[in-house]
Amino acid sequence: MVTTTSTSGKSAPNPSLTVNGTGRAVWHKSAPPAVRRAFSSENYTDGWIAWKKHLARRKTPLDPARLIPGAKDALRWGLSGEVGASGYPQWLIQADRSLQANRTADPALEKKVLVWLGESAGAAAGTRDALDALACGRAMARLAGILSPEIWWALLDHLLGAVADAKAIELQANFLQPDPLAHQLLAGELALTLAYLLPEIASCRKLKSSARRVLSAGIVDLLDGQGLPHGEQLGLLRPLLACWTRCRALGERIKGGCFTVPAAEQYEWLLRQSLRLARHDGSQVFSDGSPGEFDGDLLRAALRFSQDDDDRQIAELVLPGGKKSPKKRVHRQALPEAATHSPWAGVTMLRTDWSRSAERLTVVYAGKAMRVELSCGKDVLWSGPWELDLRVDGRPVEPVSDWEEVCWVSDEDVDYLELEIALSGDLRVQRQMLLAHEDRFLFLADAVLADRSVTLEYRTCLPLRKRVSWRQSEESREGLLVAGKRRASVLPLALPEWKADRRTGELLRTDAGLELRQLFEGRGLYAPLFLDLDRRRHTRPLTWRQLTVAESLQVQSDDVAVGYRVAIDEEQWLIYRSLRERANRTLLGHNLSTEMLVARFDRTGEVEPLVEVE
């Protein structure tokens, strides 16, 4: 039963909100005396009329939709890509139209409300259900003017039940699972909304402290300490920011706010990461298409609550409609580092600077799979899984561990990330990613390491976007990635430069993306790609050569160590990688005892290391 009926035939409030069928426990002392007197004497009709008048006349609390100036459809903020868009319940849209037309209770509308309540009862609430419930919660004060008391109390009872169910899941699982966003929307934001909008109702007022606890614990538990969620939940970054930003607006109107001090600090870090992970068009990395319609409003609203001037300067640089690229001394010295790295989250962004057009490689490696996205200027060249297909002596091998960090370096010259994964058959793959800031190139490589001599069939694929074309050179193996403009020259360094040399291996465009294939017999294989991102060099002559590596005057095979020289016009770089134990070896007249070296040649021919891994 949703309601009870007194002996006088008058509707009573939901018994779950009362004590012994009376209205005494429903109301907090802040409720109007006329309301409390009427309900206490079981005169529910007069009590409901007094309650409706009170809601219609009170000036505070404000409608949640009015708390953030200029914000439109705040419940749809960030809902794109992995989360998906959500609409309001149709009956709620109809109710708002009735209110605008100054209509009274509509029996047809109330039937729709009851149908919605019946469909929602007993089902596990997902994100869409949570957003629908939240939309209802935000409308409860004005809905009193269009719904009968029986339906209104039934709706409130349903919302309180949704909050209680979400809190119970948290207590059972001891972590914000299985749906952390739905949990924050219900046990956190909906609870806070009811406490803010209906403080005269005792059961709603009591939700304030639990909502503050749930929201604060959620921010701390779901983020890495620097504002990043776990890589598997990266798609929830903006929806969570939206939830917590709406709560922040409510918290300014509630004594004690909505976050603890540590949670408030993490909220600002989350904003910083949201700006960092924004593409040139304002959309988030790895999202499916154009920016979400309301993401600009979301980020501007979040900036209102930031206490850090750096965030405002960064927003001017990275969001559409902001400033053009600043002078390098400003955005590299005065502002925080543009790159970020979180082993806990399994998320790394290699980024040259804070400008919107900056080259940036985003890597998500939480688990056995890896996702990558490369942006250059306005264009996203690839976005999605970075595939690795490896066969040993004709048999496929599979991952037996997660990707783990080996090395991370970020300085004024480069951002460099190296990861490792173990494969069946006692194999390891070490994946290297280097973004050179001033030199403007991206170096990607897989080092396949075996403990015995085997036949290695290697294939990797970068998931090119549909609008990115591949222009293969007619005579040589390099090619251009083009997205309206020339964006990257790609050099497969382990393959011979000229197609006339038919040694095994190829670089080609397929339906899956840009594929590199190599075949080698030995105890290891190195598969490097050099991508020149400087458009000014794309029409200039280029070449590359594999260099001879020697140890104790003996030439070493390619499964011991390899070296390459890349030349584009007058600029040249040196690359070296050891595939066995480190030793004193020579390369182009240089003695090396390191595991890996990427360096440039200066004007005098001297080698200047960009990164050296010992």
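Rule-based calculations on the coordinates, nothing more; no lab input. Since we're looking at a predicted model, the values are computed, not measured. Cβ placement follows ideal geometry from the backbone for every residue including glycine, while neighbour counts extend to all protein chains displayed.
At-a-glance table
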quantity: Listed residues A445, A345, W269: farthest to the positive end of the dipole of the chain (Cβ charges); calculated: W269
quantity: Phi to ³J(HN,Hα) by Karplus 6.51 cos²θ - 1.76 cosθ + 1.60 over the range 266-278, Hz, x for Gly, Pro; calculated: 5, 4, 5, 5, 4, 4, 4, 5, 5, 5, 5, 8, 8
quantity: Segment A108-K378, length gained on full extension (0.36 nm per residue, minus Cα span); calculated: 92.2 nm
quantity: Paramagnetic reach from R465 in the range 372-408 [backbone N under 19 Å; point 7 Å along Cα→Cβ]; calculated: 372-387
quantity: Burial order of peptide ranges 57-69, 509-521 (average beta-carbon count within 10 Å, highest first); calculated: 509-521, 57-69
quantity: Stretchable slack from V406 to K499, in nm (0.36 nm times residue separation minus alpha-carbon distance); calculated: 30.0 nm
quantity: Long-range amide H partners of R360 with built H, under 5 Å; calculated: S375
quantity: Given charges at Cβ of Lys, Arg, Asp, Glu: the range 70-333 dipole, positive-most of P89, L317, L240; calculated: L317
quantity: Stokes-Einstein diffusion coefficient of the range 70-333, Kirkwood radius over Cα pairs, 20 °C, 1.002 mPa s, in µm²/s; calculated: 111 µm²/s
quantity: Which listed pairs, of K59/K208; K53/K111; K59/K206; K59/K167; K378/K466; K72/K206, have C-alpha distances above 26 Å, in listed order; calculated: K59/K167; K72/K206
quantity: Other-chain or far-sequence residues with amide H under 5 Å of R465's (modelled H); calculated: W382, S383
quantity: Helical mean residue ellipticity (222 nm; -39500 (n - 2.57) per DSSP H run of 4+; nearest 500) of the chain; calculated: -8500 deg cm²/dmol
quantity: Stokes-Einstein D in µm²/s, Kirkwood radius over Cα pairs - the range 490-569 at 4 °C with 1.567 mPa s viscosity; calculated: 90 µm²/s
quantity: Exposure proxy order (Cβ contacts within 10 Å, fewest to most) of M349, M370; calculated: M370, M349
quantity: For peptides 252-262, 133-143, sequence by mean Cβ density within 10 Å, most packed first; calculated: 133-143, 252-262
quantity: Gyration tensor (alpha-carbon) shape descriptor, the range 342-490, a/c threshold 1.5; calculated: oblate
quantity: Table column - 3J(HN,Hα) (Hz), the range 390-399, Karplus curve with 6.51, -1.76, 1.60, x for Gly and Pro; calculated: 10, 10, 10, 6, x, 10, x, 10, 10, x
quantity: Size of electric dipole in the chain: Cβ of Lys, Arg +1 and of Asp, Glu -1, about Cα centre, debye, nearest 20; calculated: 3240 debye
quantity: Relative intensity, log₁₀ I(q)/I(0), of the chain from a Debye sum that treats every alpha carbon as a point, q = 0.07, 0.09, 0.13 Å⁻¹; calculated: -0.55, -0.78, -1.27
quantity: Packing rank of 417-430, 270-283, 544-557, where each peptide gets the mean count of other beta carbons within 10 Å, highest leading; calculated: 270-283, 417-430, 544-557
